[in-house]
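Some notes on the structure that comes next.
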Amino acid sequence: MIGTNTYPGRGIICGKGADDVRFCAYFLTARSPSSRNRRLAYREDQVLTEVVDPSQVIDPALLIYTAMQEVDQRLVVTNGDHSQMIVEGIANDLSFAASLKNATYEPDEPHFTPRISALVEDDQYTVSIIRRRGTLNERSFYPYRFDEKGMARIIHTYEGEREPLPSFIGEPRALEIKVAAKEVGSWLWKKLEGSNRLAVALWILDGPKRQVMIINEGEGEGRWNG
């Protein structure tokens, strides 16, 4: 769980704040220079990972992607380029699971980082994790409803900082939220405090207009967009 896990990797949280407002959050922690050479940015109604210093990019394939985007009144949240699979699936009226039928865990041996995602539809959301189990490609989907004030579910890629990095175990975990939805970004940022902390994005799901906040390491307080 965040706060005690020194290296959760990338993570997704969806739920309701203490004020009964729905939200989703995405966070990045990173260790290597290439992974830390990133930030989150709000561009064209999407939250993207982007390079800070292009001269230091080694391989952007697993580092640069759309983390959060709204498609046909649904919110798609992912830790990689499988976001495009989900977007194409929505366009073709496929289910969440069918959209990801060809997705696999990341090819970053020896870690085999899980691919995690969430799809928000109306008053419900489904969290997915695709991870390596032995030699198998395990796909799991967990449906939830936004039905309890001050409660959320969290999933992230790693269970700690051992080598190779251990994948997240089990299903998304319940997480009590004691702050209003708009304060979740700052709350999460403090929970991630440490040398691996890199970025947080908060997307408010309720309200008359889109509200997104980004916090990046070294850039001061979070900034609201939209």
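I'd like to know if the stretch 123-133 contains one or more residues that are in contact with a helix residue (DSSP H, G or I) (Cβ under 7 Å, 6 or more places away or on another chain) and of a type in the set (A, V, I, L, M).
Checked the stretch 123-133: no residue is in contact with a helix residue (DSSP H, G or I) (Cβ under 7 Å, 6 or more places away or on another chain) and of a type in the set (A, V, I, L, M).
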Practice task
Could you tell me whether the stretch 183-194 includes any residue that is within 21 Å of Asp123 (Cβ to Cβ), in contact (Cβ under 8 Å) with a residue 60 or more places away in the chain and touching a strand residue (DSSP E or B) at 6+ places or on another chain (Cβ under 6 Å)?
Solution key: yes
Completion exercise
If we ask which residues in the stretch 1-23 are of a type in the set (A, V, I, L, M, F, W, C), over 22 Å from Tyr105 (Cβ atoms) and crowded, with 23+ Cβ neighbours inside 10 Å, their number turns out to be 1
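Tell me, yes or no, whether the stretch 83-95 has at least one residue that is outside any helix (DSSP H, G or I) and either in contact with a Lys or Arg (Cβ under 7 Å, 6 or more places away or on another chain) or modelled with pLDDT under 95 (or both). I'd like the intermediate steps shown before the answer.
Initial filter on the stretch 83-95 (outside any helix (DSSP H, G or I)): 92-95.
Filter once more, keeping what is either in contact with a Lys or Arg (Cβ under 7 Å, 6 or more places away or on another chain) or modelled with pLDDT under 95 (or both): none.
No, there is no match, as no residue in the stretch 83-95 is outside any helix (DSSP H, G or I) and either in contact with a Lys or Arg (Cβ under 7 Å, 6 or more places away or on another chain) or modelled with pLDDT under 95 (or both).
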Problem - Filter result for the condition that a residue is surrounded by fewer than 17 Cβ atoms within 10 Å (Cβ to Cβ), in contact with a Phe, Trp or Tyr (Cβ under 6 Å, 6 or more places away or on another chain) and more than 20 Å from Leu75 (Cβ to Cβ), over Glu161, Glu219 - result: Glu161
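Let's see how each residue does on (1) farther than 19 Å from Phe27 by Cβ; (2) in contact with a Ser or Thr (Cβ under 7 Å, 6 or more places away or on another chain); (3) β-branched (Val, Ile, Thr):
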| site | (1), (2), (3) |
| --- | --- |
| Glu138 | yes, no, no |
| Phe141 | yes, yes, no |
| Phe146 | yes, no, no |
| His156 | no, no, no |
| Pro172 | no, no, no |
Practice task
Considering each of Val57, Val71 in turn, give the residue that is farther than 28 Å from Leu175 by Cβ and free of Cβ contacts under 8 Å to residues at least 24 places away in the same chain.
Solution key: Val57
Fill in the blank from the handout: Residue set Tyr65, Tyr105; condition touching a Pro at 6+ places or on another chain (Cβ under 8 Å) and either closer than 30 Å to Glu161 by Cβ or surrounded by fewer than 16 Cβ atoms within 10 Å (Cβ to Cβ) (or both); output residue Tyr105
Exercise for the section: State which residue pairs qualify: first residue acidic (Asp, Glu) and inside the stretch 162-182, second residue exposed (fewer than 15 other Cβ atoms within 10 Å of the Cβ) and part of a loop (DSSP other than H, G, I, E, B) in any location, beta carbons under 9 Å apart, and separation of 6 or more residues or different chains. Expected result: Glu163/Pro110
Handout entry: Whichever residue in the stretch 41-80 is of a type in the set (A, V, I, L, M, F, W, C), in a strand (DSSP E or B) and farther than 21 Å from Gly207 by Cβ and, among such residues, is modelled with the lowest pLDDT
Key = Val51
Practice task
Kindly provide the set of residues from the stretch 128-160 that are out of contact with any Lys or Arg (no Cβ under 6 Å at 6 or more places or on another chain) and among the β-branched types (Val, Ile, Thr), ordered by number.
Solution key: Ile129, Thr135, Ile155
Exercise for the section: Could you pull out every one of the strands (runs of 3 or more DSSP E) wholly within the stretch 127-185 that has 1 or more residues that are aliphatic (A, V, I, L, M) and closer than 19 Å to His82 by Cβ? Expected result: 136-145, 151-156
Problem - Filtered residues of the stretch 186-220 (kept if part of a loop (DSSP other than H, G, I, E, B) and in contact with a Ser or Thr (Cβ under 8 Å, 6 or more places away or on another chain)) - result: Leu192, Gly194, Asn196
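The values are calculated or read from the model by the stated rules, or taken from the named source; none is laboratory data. Here the structure is a predicted model, which means the values were calculated and not measured. Note that we place each Cβ from the backbone using ideal geometry, even for glycine, and neighbour counts take in every protein chain shown.
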